[in-house]
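The values are calculated or read from the model by the stated rules, or taken from the named source; none is laboratory data. Given the structure is predicted, the values throughout are model-derived calculations rather than measurements. Neighbour counts run over all protein chains shown; Cβ positions are idealised from the backbone, glycine included. In case anyone asks, the SASA skips ligands and DNA or RNA and just uses the protein heavy atoms, side chains included. Shrake-Rupley method; radii C 1.70, N 1.55, O 1.52, S 1.80 Å.
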Amino acid sequence: MSEQTLSNLSREERRFEPPADLAADANVKAEAYARAEEDREAFWAAAAERLDWGQKWDQVLDWSDPPFAKWFVGGTINAAVNCVDRHVDAGRGDKVALHWVGEPEDDTRDITYAELKDLVSKAANALTDLGVKKGDRVAIYMPMIPEVVVAMLACARLGAPHTVVFGGFSADALASRLEDCEAHVVITSDGGYRRGAASALKPAVDEAVEKTGDLVRNVLVVRRTGQDVDWHEGRDVWWHDAVDSASAEHEAELHDSEHPLYVMYTSGTTGKPKGILHTTGGYLTGTSFTHWEVFDLKPDTDVYWCTADVGWVTGHSYMVYGPLANGATQVMYEGTPEKGRWWQIVQDYKVTIFYTAPTAIRTFMKQGREIPDGYDMSSLRLLGSVGEPINPEAYVWYREVIGGDRCPVVDTWWQTETGQIMISPLPGVTAGKPGSAMKALPGVGADVVDDEGNSVPDGSGGYLVLTKPWPAMLRTLWGDDQRFKDTYWSRYPKQGFYFAGDGAKKDEDGDLWMLGRVDDVMNVSGHRLSTTEIESALVSHPKVAEAAVVGAADETTGQAVCAFVILRESAGDGGPDIVEELRKHVQKEIGAIAKPRQIMVVPELPKTRSGKIMRRLLKDVAEHREVGDVTTLADSTVMDLIKDKEGSAA
Ligand code: WT7
């Protein structure tokens, strides 16, 4: 973010006090900060007490071998039992867990906690019949249908870590994840609905499974759209055959607190995605507590809706594990944000807590307030934002137009790695500032530091670090302890800080403003993409010799993928459709979200004398700025060539 933007942000002076009734009745009050400060472990132990444990833990935190944390050491727990059975056992079986809304109008389904318990038990039995045992990894590649929640919880129940791969990812991306975590079973569906049409999923699974040799033993397939699918006898099994007929009785085993719960792949700064490992007791403690704290959840009266896809960590922590562990009633929607449909759902289900991403808010802003104004959204009492910095204009629009100027907005900063929300206002305590995520939650340690790791004074910027271990923190990268240490813990070894990869600023009050990534990671519509991964996808095309990718500012998606490519001699000028051809290629290699908004064919790329591509300069071009300092370039005329190209393309 430029200095200009920085000072604009600091001039933001609007403040929004918490509504008095919310403040009076808030789940977490101001005293929590001091209480957590006094005894952090006791604070998190109290949060863990909200869950049902088998064996109680002997030790809250074992940090004797940093950065490898163990939380609630010696404790045993089952995540699925906590998310489902215990609510039924407490007499709340008739409470709706999921108001599921399909994309086709009128295709809805309400699922109570009692029904969910039966479904999860049946699925656990069906997976056992397919040979899935505790510790085995199961891949899930599904649309937003109730079965995806059932599948995840069935895995958790068995102690078989799941790895959910976003349904928008390509067969190649799926294959590399299957291989990395050696999954023998994949759960999928024939397809899902997208913008009114059935879109296939199973063919991508078939292709991925083919690519991985004899790794995958079984594919369990939910029938969602009814479209034709290729069937591999002996390998493929219909969900309705295996699950519907299974017994609804399933004795759940208690797992060690540190037993792996899931692996979620996310983009890093290299081409190879990182398998973020989350374990059971600490993760469930961190997600359920913060969900109750930050959203001020009142399970008996609230209707909660998180619009994230289950293929991302937000869907894991704040659609599945956090809310269900808290016994919430929530909406789950199959489709994408389209015109008034979201607001229709808010109106129909009387949603009280709504959690979405800035990119969606900005899209609605562009479409105009007439659309949301046409619905009754007076049920809403709290709004959340996640995934990328929310600019003050979008924050204020969200608050006024969606929240009727009465709902506090919680801007929640966290990551796939942190598992739980780390930095956020408390809705009953904090006076919100549009654009600021405010400060670390009680029990969380965060700071902004300089290159040496010194805390910067108020009014200055630097790198965001996390200073203390927290319950839902990642435990390692799947199969790669070394990369785990190098990526997050090697930047400030003396202080032992976790390096988040984000730039941040403290304002004059010491409140935090997130400024986006400081590494080669882009944030497009709140989804994390690696520049290197897209670059390697581009150079895997036979016509491409070299590629450089940057994230350029985009009004709607936050950042957009912009690529600069040099073609091979043999490709000539690449032909008239070269740009479209390359965009399609990236879509095939990674997925539609990685498809570059813009591709420029250039004769050279700007490089330093040591051969490092200077993406900073390309970013200047992509954002139509004056190109910055070129003195460290090996050949300073390169930028003129590129700008000439841009001029002629425009
Ligand atoms: C990166 C993590 C957290 C779940 C969704 C994304 C950015 C996330 C915020 C926020 C500013 C944010 C950061 C972070 N980010 N939330 N409220 N304000 N930036 O998870 O894919 O792991 O991405 O998203 O840059 O490092 P993720």
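Under a 5 Å amide H cut-off, with hydrogens placed 1.01 Å from N, LEU515 pairs with GLY503, ALA504, LYS505 among residues at least 5 apart or on other chains.
The Cα trace of the range 61-179 gives Rg and Dmax of 16.9, 55 Å, the first to one decimal, the second as a whole number.
I'd like the FRET efficiency for LYS339 and ARG92, computed as 1/(1 + (r/R0)^6) with the beta carbon distance as r and R0 of 35 Å, rounded to 0.05.
The calculated FRET efficiency here is 0.50.
Using unit Cβ charges (K, R positive; D, E negative) and no other charged atoms, how large, in debye to the nearest 20, is the dipole of the range 504-556 about its Cα centre?
Working: 5 positive and 11 negative charges, 57 e Å.
Roughly 280 debye, rounded to the nearest 20.
Computed from Cα atoms alone, the Kirkwood hydrodynamic radius reported for the range 346-462 is 15.5 Å. Basic side chains Lys and Arg get +1 at the Cβ, acidic Asp and Glu get -1 at the Cβ, and with that the dipole of the range 104-155 about its Cα centre reaches some 500 debye. Based on the Kirkwood radius over alpha-carbon pairs, what is the Stokes-Einstein translational diffusion coefficient of the range 137-195 at 4 °C with 1.567 mPa s viscosity, in µm²/s? The diffusion coefficient I find is 110 µm²/s.
Working from Cα pairs under 8 Å separated by at least six residues, relative contact order for the range 193-351 is 16 percent.
For the range 556-650, relative contact order (Cα pairs under 8 Å, six or more residues apart, normalised by length) works out to 27 percent. Distance from the alpha carbon centroid of the range 591-617 to that of the range 440-500 works out to 29 angstrom.
Charged side chains reduced to their Cβ positions (Lys and Arg at +1, Asp and Glu at -1) give the range 170-317 a dipole of some 600 debye around its Cα centre.
Taking 0.36 nm per residue of sequence separation and removing the Cα-Cα distance, the SER247/GLU393 pair yields an extension gain of 47.3 nm. Which residues does the label zone of THR108 cover in the range 342-356, counting backbone N under 13 Å from a point 7 Å along Cα→Cβ? Correct set: 342-351. In the range 189-235, taking the dipole from charged Cβ atoms about the Cα centre, the farthest positive-side position among PRO203, TYR193, LEU220 is held by TYR193.
Looking at the chain, the accessible area is 38 square angstrom per residue; that uses a 1.4 Å probe and ignores ligands, DNA and RNA.
Using every pair of separate Cα atoms, the Kirkwood estimate puts the hydrodynamic radius of the range 521-593 at 12.6 angstrom.
Ligands, DNA and RNA left out, the 1.4 Å accessible surface of the range 7-126 is 45% carbon and sulfur atoms. Cross-link check: pairs LYS505/LYS643; LYS339/LYS588; LYS29/LYS505; LYS506/LYS612; LYS468/LYS506; LYS122/LYS350 evaluated at a Cα-Cα cut-off of 23 Å; pairs beyond the cut-off: LYS505/LYS643; LYS339/LYS588; LYS29/LYS505; LYS506/LYS612; LYS122/LYS350. Of the residues ALA160, ILE111, ALA45, the one whose Cα sits farthest toward the positive end of the charge dipole of the range 35-190, with +1 on the Cβ of Lys and Arg and -1 on the Cβ of Asp and Glu, is ALA45.
Overall dimensions of the range 172-288, expressed as equivalent-ellipsoid semi-axes from the Cα gyration tensor (√(5λ), whole Å, largest first), are 26, 22, 16. Under Stokes-Einstein, with the Kirkwood radius over Cα pairs as Rh, the value for the range 506-634 at 25 °C and 0.890 mPa s is 157 µm²/s. By its C-alpha gyration tensor, with a ≥ b ≥ c as the square roots of the eigenvalues, how is the range 221-340 shaped: rounded for a/c under 1.5, else prolate for a/b larger than b/c, else oblate? It comes out rounded by the Cα gyration axes. Across the range 568-583, coupling constants 3J(HN,Hα) worked out from phi with the 6.51/-1.76/1.60 Karplus curve, θ = phi - 60°, read 6, 3, 4, 7, x, 8, x, x, x, 9, 4, 5, 5, 4, 6, 4 Hz, and Gly and Pro carry x. Across all Cα atoms of the chain, the radius of gyration (one decimal) and Dmax (whole number) stand at 24.3, 74 Å. Summarising the label geometry, the points placed 7 Å from Cα in the beta-carbon direction at GLU37 and SER540 lie 5.0 nm from one another. Across the range 72-85, computed HN-Hα scalar couplings (Karplus, 6.51 cos²θ - 1.76 cosθ + 1.60, θ = phi - 60°) run 6, 5, x, x, 10, 7, 10, 5, 5, 4, 5, 7, 10, 3 Hz from first to last residue, x flagging Gly and Pro.
Note on the range 200-247: Cα Rg divided by 2.2 N^0.38 Å, N the number of residues, gives 1.18. Return the FRET efficiency for the residue pair GLU581, GLU207: r is the Cβ-Cβ distance, R0 is 22 Å, and the value is rounded to the nearest 0.05. The formula returns an efficiency of 0.65 here.
Suppose R0 equals 56 Å; then what is the FRET efficiency for ALA30 and GLU569 from their Cβ-Cβ distance, rounded to the nearest 0.05?
Numbers: r = 67 Å, r/R0 = 1.19.
About 0.25, to the nearest 0.05.
Hey, how many Å between the Cα centroid of the range 514-531 and the Cα centroid of the range 258-335? Going from one Cα centre to the other spans 20 Å.
Using only alpha-carbon positions in the range 301-413, the gyration tensor eigenvalues give semi-axes of 20, 16, 13 Å once each is multiplied by 5 and square-rooted (largest first).
Across the chain, the relative contact order, built from alpha-carbon pairs under 8 Å that are at least six residues apart, equals 13 percent.
For the pair the range 61-110 / the range 406-432, the C-alpha centres are spaced 21 Å from each other. Extension gain, ARG625 to ASP230, is 137.1 nm, computed as 0.36 nm per intervening residue step minus the present C-alpha separation.
When the helices of the chain are scored as -39500 (n - 2.57) per DSSP H run of n ≥ 4 and the total is divided over every residue, the value at 222 nm lands at -8000 deg cm²/dmol.
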